[in-house]
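Beneath this line is the structure, given in structure tokens, with notes to follow.
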Amino acid sequence: MIFKKKFIKESTSENAFKAICFVAILLPILLIIVLIGDALIDGWSRLNLDFLLGLPSRKAEIAGLLPALMGSFYLMLLTAAIAIPLGLGAAIYLEEYASESFLTSLIEINISNLAGVPSIIYGLLGLEIFVRMSHMGRSLLAGACTLALLLLPMVIMVSRESLRVVPKSLREACFALGADRFQTIWKVVLPMSFPGALTGIILSMARAIGETAPLITIGALTYVAFLPDSIHSAFTAMPIQIFNWISRPQKDFHINAAAGIIVLLLVMLILNALAIWLRARLQRKVYW
Amino acid sequence: MLKQDIKKPKNIFRSPKMRSDNLKAWFGSHEALNEISLSIPTFHVTAIIGPSGCGKSTFIRCLNRMHEVVPGTRIQGNVYLDEVDIYGSSINPVNLRKRVGMVFQKPNPFPTMSIRDNVLAGLRLQGMKTYDSDEVVEKALVRAALWDEVKDILKRPGLSLSGGQQQRLCIARALALEPEVLLMDEPCSALDPIASAKIEELIHELRGKYTVVIVTHNMQQAARVSDVTAFFYMGKLVEFDYTEKIFTNPKYKKTEEYVTGRFG
């Protein structure tokens with residue numbers, strides 16, 4: 001009987017815990033629904049092809065998102081081109097080559113701390129190093145370099161995580177077949193860890209596309225009536241355009257902002273879906 | 001039958017395939033091997049037995065310079081392959097490992113590769129162009145006694161095989177490089193008895209073609225498959241002799257206690 005009593009007691013506490021956990025998952029979901037719903041209600045009327053393909057204007061009804069959309073797109077491509085090789089390279093060095101030394105652990109601590117630095121700090125750094133010292137001006141390139149800096153710690157961390165998943169026994173098998181470290185990394189370690197690394201990288205790209213603060217700091221324009229034609233051209237990005245619209249006094253522009261938010265959310269959802277799809281697809285080739 | 005044949009030329013240790021001379025090895029400050037001098041007879045099976053942590057795995061990892069792959073390790077002394085010091089400055093460990101193949105405790109086929117690609121992995125990593133790769137694959141798999149089981153499913157992933165088959169695939173992968181010595185680090189410890197028996201059978205067949213060194217926890221296995229046996233204890237070589245002698249009439253008390261199961 002004592003046993004039974006105790007059992008019941010445990011199960012009530014378990015139920016309570018379950019309920020708390022359920023609320024914990026429910027709240028964020030509700031928040032997202034409210035957010036999306038609010039944006040949809042406000043912005044739905046403005047959401048059409050003209051909005052997507054139009055240039056900005058002083059009249060809210062004909063103002064479009066195209067420069068911001070393309071700006072974000074180019075920005076993302078450039079950022080990826082800079083951050084992925086650097087991040088993967090750093091991760092490979094730290095995971096495969098670096099010996100355990102004071103310097104290595106110092107670098108490791110720094111990287112994990114850098115991931116927590118507010119993005120506006122990166123913006124200030126980018127403004128000084130890329131815009132002013134490197135004379136890139138307020139260009140796409142400067143923006144991409146700044147965002148790449150911001151993403152690097154995250155890219156390095158997810159890449160290292162995915163490299164660490166490859167068992168030591170496989171590396172040893174490779175060495176024992178007379179492979180050197182380079183071949184081992186290239187032929188065995190990377191093919192296995194690539195799906196994981198790629199997923200993490202895409203997710204961090206999705207974060208970058210929503211970044212506003214560092215871009216405003218380096219001086220991305222808020223009113224661009226043309227499309228960027230080279231990496232040196234001035235640009236704007238979706239979050240900046242939204243920020244710009246929402247800070248206008250005219251109510252009509254707020255509708256544009258809501259529509260812009262919907263587009264931005266859609267792009268992020270697509271990126272996330274892409275990450276999931278790629279992971280599922282690529283991992284089918286890795287048999288654990 | 002072979003076992004009896006080899007006893008006639010009295011001393012099979014005279015022209016060893018490999019030989020260690022006062023070999024010491026460390027993990028950090030821990031000395032794992034203490035002055036091991038051992039001759040590994042050509043084309044015979046050498047078993048290395050001893051309780052856990054006695055340095056037997058460390059020893060065979062020194063034979064193809066895999067010991068130094070782990071950070072913080074070092075060795076002292078010499079190891080000779082065909083009387084050439086493999087720790088000499090002119091020796092590239094990468095080339096050495098082609099001549100001295102290795103099979104590990106747990107089967108470790110490459111997960112991204114098919115059965116066929118696993119067999120060819122060594123050659124491909126070497127950057128060798130294999131024009132007759134079908135022949136190489138078949139030859140290696142036949143030698144590893146796996147061909148009949150996998151000849152129709154070569155495109156399937158290596159990990160789709162059973163544990164015992166995977167281990168034989170790893171042996172085939174090592175044999176595809178045509179090594180002169182095959183090191184086996186407890187190759188059956190992760191396998192069931194039937195799969196173990198198959199591997200033992202295979203070791204029997206490899207004798208005479210390759211010089212095999214096998215580390216094992218299983219005394220019966222050592223007695224069954226090997227020609228000569230070395231007993232390691234606490235990083236030292238206690239006794240090294242014909243397997244029959246080690247198991248029936250060892251010189252030292254420690255050996256007798258271990259092979260009769262009184263400790264270990």
Of (1) open to solvent by less than 80 Å² (accessible area, probe 1.4 Å); (2) out of contact with any Phe, Trp or Tyr (no Cβ under 8 Å at 6 or more places or on another chain); (3) outside any helix (DSSP H, G or I), A:His135 satisfies every one except (1)
Of everything in segment B:23-58, what is open to solvent by 30 Å² or more (accessible area, probe 1.4 Å), touching a strand residue (DSSP E or B) at 6+ places or on another chain (Cβ under 7 Å) and in a loop (DSSP other than H, G, I, E, B)? Give them in sequence order. B:Thr42, B:Phe43
Within segment B:59-101, take every residue that is away from chain A (no Cβ under 14 Å), of a type in the set (S, T, N, Q) and not in a loop (DSSP other than H, G, I, E, B) and give me the one that is farthest from the chain's Cα centre (by Cα). B:Gln76
In the set A:Ala220, A:Ala208, A:Ala179, which member is in a helix (DSSP H, G or I) and buried (at least 18 other Cβ atoms within 10 Å of the Cβ)? A:Ala208
Just give me the residues in segment B:124-143 being open to solvent by 70 Å² or more (accessible area, probe 1.4 Å) and within 14 Å of chain A (Cβ to nearest Cβ), in sequence order. B:Arg124, B:Met128
Between A:Leu203, A:Leu190, A:Leu215, A:Leu170, which is farther than 25 Å from A:Ala91 by Cβ, part of a helix (DSSP H, G or I) and either at pLDDT below 90 or within 14 Å of chain B (Cβ to nearest Cβ) (or both)? A:Leu215
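Got a sec? Which of B:Ala190, B:Ala197 is outside any loop (DSSP other than H, G, I, E, B), within 24 Å of B:Ser57 (Cβ to Cβ) and either hydrophobic (A, V, I, L, M, F, W, C) or without any contact (Cβ under 8 Å) to a residue 24 or more places away in the chain (or both)?
Answer to the check: B:Ala197.
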For residues in segment A:150-167 being more than 10 Å from chain B (Cβ to nearest Cβ) and open to solvent by 20 Å² or more (accessible area, probe 1.4 Å), which is modelled with the lowest pLDDT? A:Val165
Of the residues in segment B:161-187, those that are farther than 23 Å from A:Gly178 by Cα and not in a helix (DSSP H, G or I) number 2
Can you tell me which condition B:Pro187 does not meet? The list is (1) more than 11 Å from every other protein chain (Cβ to nearest Cβ); (2) more than 14 Å from the chain's Cα centre (by Cα), and all the others hold. (2)
Single residue of B:Glu257, B:Glu205 found to be farther than 20 Å from B:Thr58 by Cβ, out of contact with any helix residue (DSSP H, G or I) (no Cβ under 9 Å at 6 or more places or on another chain) and among the charged types (D, E, K, R): B:Glu257
Given the conditions (1) open to solvent by 10 Å² or more (accessible area, probe 1.4 Å); (2) modelled with pLDDT of 90 or more, report the number of the one that B:Leu175 does not fulfil. (1)
Pick from segment A:223-252 the residues that are farther than 21 Å from A:Val267 by Cβ and assigned to a helix (DSSP H, G or I): which of them is least open to solvent (accessible area, probe 1.4 Å)? A:Asp252
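Give the residue that is nearest to the chain's Cα centre (by Cα), with candidates limited to residues of segment B:105-123 that are within 7 Å of chain A (Cβ to nearest Cβ) and buried (at least 22 other Cβ atoms within 10 Å of the Cβ).
Of the residues in segment B:105-123, the ones within 7 Å of chain A (Cβ to nearest Cβ) are B:106, B:108, B:110-112, B:121-122.
With buried (at least 22 other Cβ atoms within 10 Å of the Cβ) added as a condition, the list becomes B:108, B:110, B:121-122.
Values: B:Asn108: 15, B:Phe110: 20, B:Ala121: 19, B:Gly122: 17 Å.
Top of the filtered list is B:Asn108.
Find the residue count for segment B:119-159, including only residues that are touching a residue at least 40 places away in the same chain (Cβ under 8 Å) and of a type outside the set (A, V, I, L, M, F, W, C).
Count: 7.
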It is to be established whether one or more residues within segment A:86-102 are more than 14 Å from chain B (Cβ to nearest Cβ) and more than 21 Å from A:Gly196 (Cβ to Cβ). yes
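The values are calculated or read from the model by the stated rules, or taken from the named source; none is laboratory data. This structure is a prediction, so every number in the text was calculated from the model and none was measured. Reconstructed Cβ throughout: ideal geometry from the backbone, glycine too, with neighbour counts over all protein chains shown. For accessibility, only protein heavy atoms count, side chains too; no ligands or nucleic acids. Shrake-Rupley method; radii C 1.70, N 1.55, O 1.52, S 1.80 Å.
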